[in-house]
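The values are calculated or read from the model by the stated rules, or taken from the named source; none is laboratory data. What you are looking at is a predicted structure, and each value in this text was computed from that prediction instead of being measured. Positions of Cβ are generated from backbone atoms using ideal geometry, with glycine treated the same way; all protein chains shown enter the neighbour counts. Just so you know, the surface numbers come from the protein's heavy atoms only, side chains and all, with ligands and any DNA or RNA stripped out. Shrake-Rupley method; radii C 1.70, N 1.55, O 1.52, S 1.80 Å.
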Amino acid sequence: TENVLLPEELFLLFKRVNAPNLRVLFDSQNYPLLIKTSSGEILDRIYEYIGDIVHLKDGVKNMGDCYLGQGISDVKKCVFTLKNKGFKGSLILENNYATLPIEHEWRHQRWITAFKDINSVRTWLCT
């Protein structure tokens with residue numbers, strides 16, 4: 001499930017459904033953009049319920065409208081939390097590189113825009 005339930009609501013959902021294969025698809029921008037809550041704090045509290053895929057994106061006003069670590073999503077804290085808790089799943093870079101202000105670079109050298117985010121995540125994982 002990909003949602004913006006608060007931890008207490010999520011714990012209740014998992015208790016009521018009572019299915020071992022129910023997992024959370026965590027998205028680093030959903031909480032801060034949609035309900036003005038820190039994604040880093042939420043991830044730390046619900047980590048045991050996340051699945052093996054995590055979406056990483058960042059933004060200021062819209063979904064994925066800036067490079068990872070430059071918006072309101074606390075992506076760096078999310079990556080540190082995943083690393084410290086031993087996450088072995090996949091990190092999906094989900095920024096929308098065709099939106100401003102990163103659209104200009106995306107149009108001219110698409111690979112550079114993705115590389116900047118990949119390099120940020122790599123740096124955080126190696127810190």
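Could you sort Tyr31, Tyr47 by their accessible area in this structure, using a 1.4 Å probe and putting the largest first?
Tyr47, Tyr31
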Relative packing of peptides 56-67, 84-95, 32-43, 10-21 - highest average C-beta neighbours within 10 Å first
56-67, 32-43, 84-95, 10-21
Cα long-axis angle, helix 110-125 against the chain (0 to 90 degrees, to the nearest 10)
50
Viscosity 1.306 mPa s, temperature 10 °C: Stokes-Einstein D of the chain from its Kirkwood Cα radius, in µm² per second?
106
Crossing angle, helix 75-84 versus the chain [Cα axis fit, 0-90 degrees, rounded to tens]:
50
I need the phi-derived Karplus couplings for the range 19-31: 6.51 cos²θ - 1.76 cosθ + 1.60, θ = phi - 60°, integer Hz, Gly and Pro marked x.
10, x, 8, 7, 9, 9, 8, 7, 10, 5, 9, 4, 5
Amide H of Phe26: which non-local residues (sequence gap of 5 or more, or other chain) have their own amide H closer than 5 Å, using H built in the peptide plane?
Gly51, His55
